[in-house]
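Please treat every number below as a calculation from the coordinates, not as lab data. Computed from a prediction, not measured in an experiment: that's the story for all the values here. Neighbour counts run over all protein chains shown; Cβ positions are idealised from the backbone, glycine included.
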Amino acid sequence: MVYQQKVQILNNRQIHGKYYQLCLKCENGFEKAMPGQFVMIRLTDNYSPMLRRPFSIHNVFQNENGDCCFELLYKVVGQGTLLLSECLENQWLDILGPIGNGFRIKESLSSALLISGGIGIAPMLFLAKFLLKNRIKCHLINGGRTEKDILCTERFQSKGIDVSIYTDDGSFGVQGFVTDDLETMIDSKVPDILYACGPQPMLAKVSEIATKKKVSCQISLESHMACGMGACLGCAVPSENGQKSYYHVCADGPVFSSDRVNIRTYLE
């Protein structure tokens, strides 16, 4: 069930550079939120920006007062996220959520390899918490253009999760892409499943490797969307298996099995 509600800002802090972490107190729905789901935020009552903005749920927790709270991790890239970064403690935001189909976690899983790039790290913390709660061993491969694009490493390591870091310029971790050593890691660790979120070229490569190695893989897609509920048809992605011509990221996703969507066609 999707709730429309006003939520109160507990804090909105700059992590570094253009990256921010927003913590909100909510009333309904988030105690049952699943990793991979998202919210749609109305940033102003004015006409600009007119549309809500989608944000992955980064974390859900109860505070010391027993209130249900959730966090969003975001990067300032345009007018909407700039307005969000200027919001202050105790302000209220109008949201829709939780929305979408999140990551699917089977009871039979014993190990998972999480792969993220840039702000694609956002849903991975919530996912990792779920996996650990179900006694599923995790390893995170995280990448970014530079050291400044590597986020939340300590939060994962504090939970006992091994983290491998890659940067395009070699300023932190290994120089290269998160997919450079993925085949070797799969061969050595033999994970039950891959979970990935990040830039679409990265997801295309992860999907290709998963198919080659015959490993189950779920990918979280990002897309511009107006409604968040499949009504506007603005976030269509080509299907791979022929059951449908297109899926919609908001209503059918944002998480898909990598063999259901034609991610390479989506890039063209």
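For the stretch 1-40, the residues whose backbone nitrogen is under 11 Å from a point 7 Å from the Cα of N63, taken along Cα to Cβ, are 8-12, 23-26.
Comparing Cα centroids, the stretch 5-62 and the stretch 78-123 end up 8 angstrom apart. Looking at the chain, the DSSP beta bridges with both ends there are about 60 percent antiparallel. Note on the chain: GNM, Cα springs under 10 Å; of I15, I150, I141, the largest mean-square fluctuation is that of I15.
Each of Q200, H248, L131 was scored by the projection of its Cα onto the charge dipole of the stretch 111-267, and the greatest displacement toward the positive side belongs to L131; charges sit on the C-beta of Lys, Arg, Asp and Glu. Between D94 and Q5, the distance separating the two model label sites (each 7 Å from Cα on the Cα→Cβ line) works out to 1.7 nm.
The label-point distance for N101 and H16, in a model that sets each label 7 Å from Cα toward Cβ, rounds to 3.8 nm. Think of each Lys and Arg Cβ as +1 and each Asp and Glu Cβ as -1; about the Cα centre, that makes the dipole of the stretch 1-153 roughly 520 debye. The phi-based Karplus calculation (6.51 cos²θ - 1.76 cosθ + 1.60; θ = phi - 60°) puts the 3J(HN,Hα) values of the stretch 88-96 at 10, 3, 6, 5, 10, 10, 8, 10, 10 Hz, whole numbers, x for Gly and Pro. Computed packing ranks the peptides 97-104, 173-180 as 97-104, 173-180, most packed first, by mean other Cβ atoms within 10 Å.
Near D67: Cβ cut-off under 12 Å, other residues only, Lys/Arg at +1 and Asp/Glu at -1. The net charge is -2. Assuming charge only on the beta carbon of Lys and Arg (+1) and of Asp and Glu (-1), the dipole of the chain about its Cα centre is about 420 debye to the nearest 20. Listed by Cβ neighbour count within 10 Å, with the fewest neighbours leading, T81, T167 appear as T81, T167. Dividing the helix sum by the residues of the chain, where each DSSP H run of 4 or more adds -39500 (n - 2.57), gives a mean residue ellipticity at 222 nm of -5000 deg cm²/dmol.
With an a/c value of 1.5 or above and a/b larger than b/c for the gyration tensor axes a ≥ b ≥ c computed over the alpha-carbon atoms, the stretch 3-99 is described as prolate.
How about the stretch 89-197: which GluC sites (Glu not before Pro) there lie in a loop by DSSP and see at most 12 other Cβ atoms within 10 Å? If you can, show how the numbers build up before the last one.
Numbers: sites: E89, E107, E147, E154, E183; in loops: E89, E107.
Passing sites in the stretch 89-197 are E89, E107.
Under the 0.36 nm per residue contour assumption, what length would be gained going from the current alpha-carbon distance of I165 and K214 to full extension? Numbers along the way, then the final one.
On the way: separation 49, 0.36 × 49 = 17.64 nm, distance 2.44 nm.
Gain on extension, I165 to K214, equals 15.2 nm.
Anisotropy class assigned to the stretch 95-225 is rounded, per the alpha carbon gyration tensor with a/c under the 1.5 cut-off.
For the stretch 62-68, backbone phi angles converted through the Karplus equation (6.51, -1.76, 1.60; θ = phi - 60°) give residue-by-residue couplings of 9, 7, 5, 8, x, 6, 7 Hz, Gly and Pro being listed as x.
Residues with beta-carbon under 11 Å from that of Q175, excluding Q175: net charge, scoring Lys, Arg +1 and Asp, Glu -1? Don't skip to the end; give the middle numbers.
Working: positive: none; negative: D168, D169, D180.
Summing Lys and Arg as +1 and Asp and Glu as -1 gives -3.
The tail of the calculated P(r) for the chain beyond 27 Å holds 36 percent of all Cα-Cα pairs. Taking N142, N65, N12 as the candidate residues, the one with maximal mean-square fluctuation in a Gaussian network model of the chain, Cα springs under 10 Å, is N65. Build a GNM of the chain with springs between Cα atoms under 10 Å apart, and of C197, C23, C68 the one that fluctuates most is C68. Treating r as the C-beta distance of D259 and D180 and R0 as 22 Å, the FRET efficiency rounds to 0.45. Phi-derived couplings, Karplus 6.51 cos²θ - 1.76 cosθ + 1.60 at θ = phi - 60°, listed residue by residue for the stretch 178-195: 5, 8, 4, 10, 5, 4, 5, 5, 4, 5, 7, 9, 6, x, 6, 7, 10, 10 Hz, with x used for Gly and Pro.
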